[in-house]
Amino acid sequence: MMRQNFYAAVFAAGITLILTCLMVGVKLTSEGTELRVVGATSAQWAWILSGIAIVFLSQLFRDHISAASAGIPRPDFGKLLPAVSVQARLKPWLIAAVIVGLAVWPFMVSRGAVDLATLTLIYIMLGLGLNIVVGLAGLLDLGYVAFYAIGAYTYALLSSYFGLSFWICLPISALLAATFGFVLGFPVLRLRGDYLAIVTLGFGEIIRILLNNWTSLTGGPNGISGIDKPTLFGLDFNRRAAEGQTTFHEFMGIDYSSSYKVIFLYLIAVLLVIWVLFVINRLMRMPIGRAWEALREDEIACRSLGLNRTVIKLSAFTFGASTAGFAGCFFAARQGFISPESFVFIESAIILAIVVLGGMGSQFGVILAAIVMTILPEFAREFSEYRMLLFGLLMVLMMRWRPQGLLPSKRPHMELKR
Amino acid sequence: MLQINNINTHYGPIQALHDVSVEVKKGEIVTLIGANGAGKTTLMMTICGDPQATSGEIRFDGEVITGQPTAQIMRKGLAIVPEGRRVFARLTVQENLHMGAYFRTKAEYEETLEQVLLLFPRLRERFSQRAGTMSGGEQQMLAIGRAMMSRPRMILLDEPSLGLAPIIIQQIFQIIEKLRDDGVTIFLVEQNANQALKIADRGYVLENGRVVLSGSGTALLDDENVRKAYLGG
């Protein structure tokens, strides 16, 4: 046992040595017109060596470490929730309280906080949408951000070319994203697991590269700017109204404040999230929702029951995509500027991380995870260079201590005889 | 009720079934026995349309079902309990049963549910438990119950005794007889030849993808060759 660990430790330390030497130990710097290879400073070497020592020791004594860490209590957030029967009784009140809280809250906090909350709500929408595809139907989609991009660009283009308003574009964006989901669904029907992941990853990249290079339509890497903000029944939130229009503060007879716009966007986001939650909850109760889960569990059994897997998979893809289209349309309206930069692979990865972190298939978990994933980076602003490092660390810790997610979707495992 | 006429089935270049003909009449229990790799499961799958037969014809209630997609075939009053049970492990017993009645109205679902729960009182006890946490025998009951939820006129059972304790196997076979008494036609694929032939009206023996013997259940039980090959002398 010890011997085996020793070999593993030497191996891991060797890999660390190679990686750190290449990434930190040698650097190319340009001096004038020449490139020169510069070695690390002695302080950096000390860091590298101590890192290698840590890897070596942790591998050598990993049995002791995991024995010691087993003693650390694992958090069970499910226990914090009241029992199922109590939950059912409290549910309507709880929902009402949360909605009222969400509606009142922005008037009491800073503009930055409301803005951050709006961003969080976008990620909640995206997480809920991907949760249908990955969590419920069990289809690993790594290119989800493509549908988000399609939603965003649909609004941006329709608004800047045809002057269509946000409210008209919202359903159009969702529909168009759903169409793309449907189209992507066809070729990938026969694929599963890792093969599906690769194709969806490719799809995500195709959309991004297309947006980046179709300069005449999308503006390429420069993106589209000056996208109209949503209006409230034709009232906009600018300081001065456009020709023949009234602004919100003039109509209400109050002084102009830029925070109205932020709060208004936030309230739209709240409404959209409530709408998405409502629709998905309905779908999950309908036979199609159960069929998604059944397909995830056992495809052959599904077919033996006469279910058409084509229809089930396509519907999951389509509904998931339309949610992303929704979120994308709102995102474009909120930012006022979009470019392909906003729809890179890392966004897909973050959304997937939200679903996995939340506990696959659990809506409440997804919401919780979306909040954690958007708010934590804000608190860690000072370490922004280390953001990806912290992100990775969080993932490793999660997989170590709570592989089933923060709040896995709940079903009684056992029931006592009555 | 089910007529299989000269079916040939291939997996790529390999021929798994050679000119197989089987008939199951209404109200019968017909069993198909054979060793590992004889083609029993392939025949079952061919009936369900996956893989499709390369030649030959399968009729269910007079209608030709060869060439139709699986999802269509499985909605015609034909149900299968797949090999290895294949219950939806992370769904509850109730949700599993509900999936079985996917294409039926709520009223029909509730009516059939009562009947299935009467047949399997065990499932009532486990109603809101996850299927994956139950014992093998309970899962097999659930798999049969799920198939029954579509109110089929005929049910295909693929090795229902696989991996179960002898006492549970007894129960499962009793249930199969009970289903027949309720008017469901049964086509049973088994490796447990002794048990299967005892309850079967008729039986077929499959060897290397060919039907080598057929006859009534008792006749096959007494057959010298069958005794030697499948019943341990």
Qualifying residue in the range B:9-24 (condition: within 21 Å of B:Ala71 (Cβ to Cβ), more than 14 Å from the chain's Cα centre (by Cα) and away from chain A (no Cβ under 14 Å))
yes
Among the residues that make up the range A:309-316, is at least one of them more than 28 Å from B:Ala131 (Cα to Cα), buried (at least 19 other Cβ atoms within 10 Å of the Cβ) and more than 14 Å from chain B (Cβ to nearest Cβ)?
no
So for the range A:219-236 (the condition being touching a Leu at 6+ places or on another chain (Cβ under 9 Å), part of a helix (DSSP H, G or I) and either farther than 27 Å from A:Gly336 by Cβ or among the hydroxyl-bearing types (Ser, Thr, Tyr) (or both)), does at least one residue qualify?
no
Here are A:Ala301, A:Ala269, A:Ala294: which of them is more than 14 Å from every other protein chain (Cβ to nearest Cβ), crowded, with 18+ Cβ neighbours inside 10 Å and either in contact with a His (Cβ under 7 Å, 6 or more places away or on another chain) or at pLDDT 90 or above (or both)?
A:Ala269
Kindly evaluate B:Val189 against the criterion of being β-branched (Val, Ile, Thr) and touching a residue at least 24 places away in the same chain (Cβ under 8 Å).
yes
Can you tell me which residue is surrounded by the most Cβ atoms within 10 Å (Cβ to Cβ) among those in the range B:88-110 that are among the hydrophobic types (A, V, I, L, M, F, W, C) and more than 7 Å from chain A (Cβ to nearest Cβ)?
B:Val93
What pairs come out if I take residues in the range B:217-233 that are among the hydrophobic types (A, V, I, L, M, F, W, C) and pair them with residues that are not in a helix (DSSP H, G or I) whose C-beta lies under 6 Å away, six or more apart or interchain?
B:Leu220/B:Gly203
Could you please give the count of residues in the range B:78-92 that are on the phi < 0 side of the Ramachandran plot and among the basic types (Lys, Arg)?
1
Number of positions in the range B:29-41 that are at negative phi and either surrounded by fewer than 20 Cβ atoms within 10 Å (Cβ to Cβ) or assigned to a loop (DSSP other than H, G, I, E, B) (or both)
4
Considering each residue of the range B:42-53, count those that are more than 9 Å from chain A (Cβ to nearest Cβ) and surrounded by fewer than 17 Cβ atoms within 10 Å (Cβ to Cβ), and give that number.
2
When every residue in the range B:202-223 that is acidic (Asp, Glu) and closer than 24 Å to B:His18 by Cα is compared, the one farthest from the chain's Cα centre (by Cα) is B:Asp223
Filtering the range B:54-65 down to residues that are free of Cβ contacts under 8 Å to residues at least 40 places away in the same chain and either surrounded by fewer than 18 Cβ atoms within 10 Å (Cβ to Cβ) or of a type in the set (S, T, N, Q) (or both), which residue is nearest to the other protein chains (Cβ to nearest Cβ)?
B:Glu63
Positions within the range A:130-146 being assigned to a helix (DSSP H, G or I) and within 18 Å of A:Ser342 (Cα to Cα), in sequence order
A:Leu130, A:Val145, A:Ala146
Counted residues in the range A:339-373 being of a type outside the set (A, V, I, L, M, F, W, C), surrounded by fewer than 21 Cβ atoms within 10 Å (Cβ to Cβ) and within 10 Å of the chain's Cα centre (by Cα) come to 1
Which condition number does B:Asp19 fail, the rest of (1) on the phi > 0 side of the Ramachandran plot; (2) charged (D, E, K, R); (3) not in a strand (DSSP E or B) being met?
(3)
If a residue has to be among the β-branched types (Val, Ile, Thr) and surrounded by fewer than 19 Cβ atoms within 10 Å (Cβ to Cβ) to count, how many in the range B:129-168 make the cut?
3
Would you check if there is a residue in the range B:46-63 being assigned to a strand (DSSP E or B), hydrophobic (A, V, I, L, M, F, W, C) and in contact with a strand residue (DSSP E or B) (Cβ under 7 Å, 6 or more places away or on another chain)?
yes
In the range B:70-87, what count of residues is obtained for those that are assigned to a helix (DSSP H, G or I) and more than 7 Å from chain A (Cβ to nearest Cβ)?
2
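The values are calculated or read from the model by the stated rules, or taken from the named source; none is laboratory data. All of these numbers come straight from a predicted model, not from anything done at the bench. Cβ atoms come from the backbone with ideal geometry, glycine included; neighbour counts cover every protein chain shown.
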